[in-house]
Amino acid sequence: MSSNMLKLNHSKTELVIFSSKHQASQCKDLSLRIGDVSVNSVQSARSLGVVFDHLLSMEKQVNSILKACYHQIRNIGCIRKYITEDACKTLVQSLVISRLDYCNVLLYNLPATLLNRLQKVQNCAARLITRTRKHEHISPVLFSLHWLPVQFRPQYRILVHTYMIIHGMSPIYLTDLISLYQPARSLRSDSQMLLYTPKVRTTIYGNRRFDKAASLLWNNLPLPIKKAETISTFKKEIKTYLFRLAYSDYN
């Protein structure tokens, strides 16, 4: 590091060893020596505002989101009677929903127990805006606000990234992750704009990989949506598509 005129900041350096639950016991108390400094492994670390735990369960990240969102909801609740519904919605969008959406691609296909906890935050925010009581059904309220449920929001983000990759609007490190499906012989599916779906060895981790998730979600889209000419048109159509899936009982 000294040859490159770099110096390790020991107080800000953390080492996380990602592993499965079965291998976690073998990765305890490991360290990495860099120069004269020894960096010990930790259970979780924060990078760009996201908390990664050693099992990649994202539970600590979910806890962090919940803490920040409920704090903002309580603060907005203190002034709710002094502001209009539109002003309250603007505050909630900027202070609460933005935290639910931050890096939410990492929340794709998480266990229902974690997603349900995040959904309760969105429900609470919707009740705050509309002053809906706790015993009243929340789905019509979310429908009226035109909010996608938490489960569908990572899907929206993944599909937008996929569209940008296919049309050359993303950096190379993302473009290399997916590729168009090319069958060995001519098939009717050639015109369906399908993506190659990689094989994965594990269900818990493998199905959460970006290339796997992107191909599955993209291949299930109707062809007219895939053929959207602009990114703005695609965003509009994909949100409508997911909105109809989420609220099929209200369409």
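A few points about this structure:
- Within segment 75-101, considering residues that are under 28 Å from Ala45 (Cβ atoms) and surrounded by fewer than 15 Cβ atoms within 10 Å (Cβ to Cβ), the one farthest from the chain's Cα centre (by Cα): Ser94
- Selection status of Lys67, open to solvent by 40 Å² or more (accessible area, probe 1.4 Å), over 20 Å from Pro149 (Cβ atoms) and within 19 Å of the chain's Cα centre (by Cα): yes
- Just one of the numbered conditions (1) open to solvent by 70 Å² or more (accessible area, probe 1.4 Å); (2) in contact (Cβ under 8 Å) with a residue 60 or more places away in the chain; (3) under 19 Å from Arg46 (Cβ atoms) is not true of Val105: (1).
- Leading residue by the ranking (least open to solvent (accessible area, probe 1.4 Å)) among those in segment 232-251 that are over 14 Å from Ile158 (Cβ atoms) and either part of a loop (DSSP other than H, G, I, E, B) or touching a helix residue (DSSP H, G or I) at 6+ places or on another chain (Cβ under 6 Å) (or both): Tyr247
- Residues in segment 219-231 that are within 20 Å of the chain's Cα centre (by Cα) and assigned to a helix (DSSP H, G or I): Asn219, Ile231.
- Within segment 211-221, the set of residues being open to solvent by less than 50 Å² (accessible area, probe 1.4 Å) and either at pLDDT 90 or above or farther than 18 Å from Tyr108 by Cβ (or both) comprises Lys212, Ala213, Ala214, Ser215, Leu217, Trp218, Asn219, Leu221.
A quick yes/no check of all residues on (1) in contact with a Ser or Thr (Cβ under 8 Å, 6 or more places away or on another chain); (2) open to solvent by 90 Å² or more (accessible area, probe 1.4 Å); (3) not hydroxyl-bearing (Ser, Thr, Tyr):
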| residue | (1), (2), (3) |
| --- | --- |
| Phe18 | no, yes, yes |
| Ser38 | yes, no, no |
| Ser47 | no, no, no |
| Asp53 | yes, no, yes |
| Met58 | no, no, yes |
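- Screening Lys120, Lys199 for residues that are more than 29 Å from Lys81 (Cβ to Cβ), free of Cβ contacts under 8 Å to residues at least 40 places away in the same chain, open to solvent by 30 Å² or more (accessible area, probe 1.4 Å) and charged (D, E, K, R) leaves exactly one candidate, Lys199.
- Meets criteria (in contact (Cβ under 8 Å) with a residue 60 or more places away in the chain and under 20 Å from Val105 (Cα atoms)) for Leu56: yes
- Extreme residue, nearest to Thr240 (Cα to Cα), among residues of segment 143-156 that are open to solvent by less than 30 Å² (accessible area, probe 1.4 Å) and free of Cβ contacts under 8 Å to residues at least 60 places away in the same chain: Trp147
The values are calculated or read from the model by the stated rules, or taken from the named source; none is laboratory data. Model, not experiment: these values are computed from the prediction. Note that each Cβ is placed from the backbone with ideal geometry, even for glycine, and that neighbours are counted across all protein chains shown. For accessibility, only protein heavy atoms count, side chains too; no ligands or nucleic acids. Shrake-Rupley method; radii C 1.70, N 1.55, O 1.52, S 1.80 Å.
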